[in-house]
Amino acid sequence: MNIALLYREMASTEKAVKQELGQIEKEFDAKILSFNLNALSEEGQQTFVREFKSLVGTQKCVRLLMHSIARGNLRLLEDLSAQDMRDTTHAMGTSMLDWAKLLLKEDLFQPDARIIGLTSEGTHKYWEGYAAVSVAKAALESLASYMAVDLAPYGIRTNVIQAGVTDTPSMKKIPGSQELLDHTITRNPFGRMTGPADVANVIYLLCTDEASWINGALIHVDGGEHCR
């Protein structure tokens, strides 16, 4: 598949991002349309739709809506405001529905499209400073179940992936993340940490025709880490 990527990056670091995306295009012979904008604002969403439709020039072209927005408040409960909770829940949870409705309205989904969200074990276990994100991901999981039913008449399958602890820039922002990373290797049945490619492979599998009967599922991609 070709990719339309929405991201937020400062001007000082965007050049490096563009170079990396260009290398990926060459390696995989795929087109990547990149949009450095606020995916959570109405202005950003409308800008994307306008530019995307102009560049692609066709409808019913989106096979996968991959929701992965890392914008949460990582503080203890006593330090979280009501606005912190609302902003985090919208960004990392309910905004997945906003984008699904937008693409439906614009008739951009293919007849057998997929929506995938990302959750984490911190939704079900205590991680220090993770309360707001945990609430957001719990909302995402519940929302995905309802989307699986309500969007099925449109041919859309909605699923959620719970990846194992993965060493990413977002992960390192969680208080106590190094302890989690160190513990993960000994906890995981295969003795290693989940990598981005492990997660990407399952996203690929969910987009195949053979996965068309998987809908409303929470899929663990962690080598069995959640079993301990």
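Each reported figure results from applying straightforward, stated rules to the coordinates on display, with no laboratory input. Here the structure is a predicted model, which means the values were calculated and not measured. Note: ideal-geometry Cβ built from the backbone for every residue, glycine included; neighbour counts use all protein chains shown.
Relative to the Cα centre, the charge distribution of the chain, modelled as +1 at Lys and Arg Cβ and -1 at Asp and Glu Cβ, gives a dipole magnitude of about 220 debye.
Residues within the reach of a label modelled at Met1 (point 7 angstrom out along Cα to beta-carbon, backbone nitrogen below 19 Å), restricted to the stretch 199-228, are 199-221. Rounded to the nearest 0.05, the FRET efficiency derived from the C-beta distance between Ala11 and Ala138 at R0 = 35 Å is 0.50. Close amide H contacts of His220 (hydrogens built in the peptide plane, cut-off under 5 Å, sequence separation of 5 or more or a different chain): Gln162.
Dipole orientation for the stretch 21-162: of the candidates Trp99, Pro111, Tyr146, Pro111 has the Cα lying most toward the positive pole (charges on Cβ; Lys, Arg +1; Asp, Glu -1). In the elastic network of the chain, a GNM with C-alpha springs shorter than 10 Å, the most mobile of Leu80, Leu55, Leu140 is Leu55. How would the stretch 123-228 be classified by its alpha-carbon gyration tensor: rounded, prolate or oblate, with rounded meaning a/c under 1.5 and the a/b versus b/c comparison settling the rest? Cα axes put the stretch 123-228 in the oblate bin. Only Cα pairs under 8 Å and 6+ residues apart enter the sum, and on that basis the relative contact order of the stretch 63-227 stands at 25 percent. Taking the average, over residues, of other Cβ atoms within 10 Å as the packing measure, peptides 120-130, 88-98 rank 88-98, 120-130 from highest down. Size descriptors for the chain, from the alpha-carbon set: Rg then Dmax equal 17.8, 50 Å.
Going highest first, how would you order 216-224, 36-44 by mean Cβ packing within 10 Å?
216-224, 36-44
For the chain, a Gaussian network of Cα nodes joined below 10 Å ranks Leu206, Leu76, Leu103 by mean-square fluctuation, and the top entry is Leu76.
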